[in-house]
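Participant: Before we start, here is the structure in question, set down as structure tokens.
The values are calculated or read from the model by the stated rules, or taken from the named source; none is laboratory data. Just so you know, these numbers come straight off a predicted model, no measurement behind them. Cβ: placed from backbone, ideal geometry, glycine included. Neighbour counts: every protein chain shown. Ligands, DNA and RNA are stripped out before the accessible areas are found, and what is left, the full protein with its side chains, is counted by its heavy atoms. Shrake-Rupley method; radii C 1.70, N 1.55, O 1.52, S 1.80 Å.
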Amino acid sequence: MGNVSATQKTPVVTLMTRAGCPSCATAQTALEAILADYGLTLQVHDVDQLAGDGDPQPRAEYGDRVPVILLDGAEHGYWEVDEDRLRADLHARR
């Protein structure tokens, strides 16, 4: 096993979603299965709930493209999960 840098952090995968979005539910199921292989937990944020709580930026940024997948805070994909790409990027962060 290679050396792990003290500054290396655990990857964070976030799903930007909204209630009543069938594609969001499909993406969440796929992401949870993928992340389980890496011992990671998916963070899920509803863009409409965030806006209602006073943070309109995520809805303005992602609302027309949900589901949106973020990896370490950067947009990784939207509408569908690109499993091969996500796995490659997660592996590169190990």
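Participant: Within the range 9-17, is even one residue assigned to a loop (DSSP other than H, G, I, E, B) and either in contact with a helix residue (DSSP H, G or I) (Cβ under 8 Å, 6 or more places away or on another chain) or of a type in the set (Ser, Thr, Tyr) (or both)?
Facilitator: In the first step, residues of the range 9-17 are kept if they are assigned to a loop (DSSP other than H, G, I, E, B); the result is 9-12.
So of that shortlist, the ones also either in contact with a helix residue (DSSP H, G or I) (Cβ under 8 Å, 6 or more places away or on another chain) or of a type in the set (Ser, Thr, Tyr) (or both) come out as 10-11.
Taking every residue of the range 9-17 in turn, at least one turns out to be assigned to a loop (DSSP other than H, G, I, E, B) and either in contact with a helix residue (DSSP H, G or I) (Cβ under 8 Å, 6 or more places away or on another chain) or of a type in the set (Ser, Thr, Tyr) (or both).
Participant: Do you know which of the residues in the range 61-83 that are open to solvent by 40 Å² or more (accessible area, probe 1.4 Å) and in contact (Cβ under 8 Å) with a residue 60 or more places away in the chain is nearest to PRO11 (Cα to Cα)?
Facilitator: Within the range 61-83, the match that is nearest to PRO11 (Cα to Cα) is ASP72.
Participant: Of the residues that sit in the range 44-60 and are hydrophobic (A, V, I, L, M, F, W, C) and open to solvent by 50 Å² or more (accessible area, probe 1.4 Å), which one is nearest to the chain's Cα centre (by Cα)? Give the steps one after another, and end with the answer.
Facilitator: The first filter runs over the range 44-60 and keeps only residues hydrophobic (A, V, I, L, M, F, W, C), leaving 44, 47, 50-51, 60.
From what's left, open to solvent by 50 Å² or more (accessible area, probe 1.4 Å): 44, 60.
Working: VAL44: 7, ALA60: 17 Å.
Restricting to residues being hydrophobic (A, V, I, L, M, F, W, C) and open to solvent by 50 Å² or more (accessible area, probe 1.4 Å), the top hit is VAL44.
Participant: Hey, another quick one. May I ask you to verify whether LEU86 is closer than 16 Å to THR10 by Cα, touching a residue at least 24 places away in the same chain (Cβ under 8 Å) and in contact with a strand residue (DSSP E or B) (Cβ under 6 Å, 6 or more places away or on another chain)?
Facilitator: no
Participant: Tally the residues that are touching a Leu at 6+ places or on another chain (Cβ under 8 Å) and either assigned to a loop (DSSP other than H, G, I, E, B) or surrounded by fewer than 16 Cβ atoms within 10 Å (Cβ to Cβ) (or both), restricting the search to the range 24-43. Steps first, answer last, please.
Facilitator: Filtering the range 24-43 down to residues touching a Leu at 6+ places or on another chain (Cβ under 8 Å) leaves 24, 27-28, 31-32, 34-35, 38, 40-43.
Those left that are additionally either assigned to a loop (DSSP other than H, G, I, E, B) or surrounded by fewer than 16 Cβ atoms within 10 Å (Cβ to Cβ) (or both): 32, 38, 40-43.
Here the count works out to 6.
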